[in-house]
Amino acid sequence: MEQRHLGRTGLRVSRIGLGTLTWGRDTDEHDAADLLKAFWEAGGTLVDTADVYGDGEAEYLLGQLMEGLVPRRDLVISTKAGSVPDPDRRVDGSRGHLLAALDASLTRLGTDYVDVWHIHAYDPDTPLEETLQALDLAVSSGRARYAGVSNFCGWQLAKAATWQLAAPGIRTRLSSTQLEYSLLQRGVEREVLPAAIDLGIGLLPSSPLGRGVLTAKYRNSTPVDSRGASEHLAPFVAPYLDDTAGRIVDAVQTAADGLAVTPLQVALAWIRDRPGVAAPIVGARNAQQLTAALSVETLSLPDEICRALDDVSAPVHRYPDHDWSTL
């Protein structure tokens with residue numbers, strides 16, 4: 001698999017990443033082992049997780065698999081901290097919480113460092129400089145090699161990245177940002193993506209297949225073994241089952257038919273090759289699904305197909321997102 005630099009850093013990652021959101025909950029140790037082995041054998045390196053996935057079970061499971069299945073040195077492990085299971089405070093970006101969470105992640109993963117450590121979300125109740133200091137301490141202590149953020153909007157990302165570049169002392173440059181991005185969700189193109197490109201921050205799209213909807217499996221009904229039929233994941237899929245999404249999925253299916261490939265391959269190739277994207281993070285239920293996603297490595301979409309998909313999925317961006325002189 002082709003490797004790409006993560007933002008403006010020397011770290012190289014596979015241009016498709018493996019997500020572990022369902023590990024330890026819907027994905028058991030046997031399926032997880034099959035997924036990781038298939039990913040590794042295909043040349044994949046970037047594995048993304050978080051301390052809250054499966055209440056920590058995803059990290060623990062990944063750590064167990066690194067002990068006996070895939071060498072730690074062959075993987076680029078990305079994890080996140082900051083989300084908390086508290087209805088009154090969903091995010092805790094305090095320095096104390098973040099560093100304690102990182103230490104707990106390292107214990108579960110069975111490693112003394114992670115390659116990339118992300119702040120899971122912006123905490124409006126903690127000074128941003130305190131949150132960012134946790135990144136500096138994690139990197140300076142060797143517990144993390146690179147640092148990034150997740151779910152930051154445009155101004156939050158720009159503020160954080162600029163602080164790290166301009167504040168006195170030894171600061172850790174932001175290497176990456178992770179947000180949802182697909183043909184069904186192009187909101188990051190308003191401000192986040194332009195900021196990331198300008199600041200040299202690599203984008204790691206989550207849900208690059210529109211929460212599974214872009215595979216076209218929901219066009220006529222909801223498969224009984226799909227996330228859309230799952231009790232706790234159905235609300236996650238539901239927002240992308242409207243008429244607007246249906247028109248986009250129809251266009252993806254048409255493109256796939258014309259290229260003699262699958263809708264999954266078309267949607268994943270589109271997002272993988274968008275400007276500023278380092279590696280889409282793909283979550284699969286089993287090795288068969290993952291192998292289908294990894295087969296996109298040999299596919300590059302023709303320009304006319306990309307333009308057609310751009311047009312049908314184009315979000316409405318008006319003032320001030322466009323050059324005022326063109327309005």
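Numerical summary
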quantity: If the convex hull is drawn through the Cα atoms of region 254-303, its volume per residue in Å³; calculated: 79 Å³
quantity: Share of alpha-carbon pairs per 10 Å distance bin for region 166-306, given as whole %; calculated: 11, 39, 33, 12, 4, 1
quantity: Region 26-79: relative contact order in percent, alpha carbon pairs under 8 Å with at least 6 residues between; calculated: 46 percent
quantity: Alpha-carbon centroid distance for the pair region 67-124 / region 277-308, whole angstrom; calculated: 27 Å
quantity: Whole-number D in µm² s⁻¹ for the chain, Kirkwood Cα-pair radius fed into Stokes-Einstein, 4 °C, 1.567 mPa s; calculated: 64 µm²/s
quantity: Of every Cα-Cα pair in region 1-109, the percent that sits beyond 19 Å; calculated: 47 percent
quantity: Lysines with Cα under 24 Å of residue 159, excluding same-chain neighbours fewer than 8 positions away; calculated: 80
quantity: Prolate/oblate/rounded label for region 134-203 (Cα gyration tensor, a/c 1.5); calculated: prolate
quantity: Relative packing of 210-217, 231-238, 88-95, which averages over residues the other C-beta atoms within 10 Å, highest first; calculated: 210-217, 88-95, 231-238
quantity: Mean accessible surface per residue for the chain, computed with a 1.4 Å probe while every protein chain stays in place, in Å²; calculated: 45 Å²
quantity: For region 174-227: Kirkwood Rh in Å [reciprocal of mean 1/r, alpha carbons]; calculated: 12.5 Å
quantity: Cα centroid separation, region 176-247 to region 1-23 (Å); calculated: 18 Å
quantity: Apportionment of accessible area to carbon and sulfur, region 21-86, percent (1.4 Å); calculated: 45 percent
quantity: Antiparallel DSSP beta bridges within the chain, percent to nearest 5; calculated: 15 percent
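The values are calculated or read from the model by the stated rules, or taken from the named source; none is laboratory data. Fair warning: this is a prediction, and the values are worked out from it, not measured in the lab. Cβ coordinates were reconstructed from backbone atoms using ideal geometry, including for glycine residues, and neighbour counts include every protein chain displayed. For accessibility, only protein heavy atoms count, side chains too; no ligands or nucleic acids. Shrake-Rupley method; radii C 1.70, N 1.55, O 1.52, S 1.80 Å.
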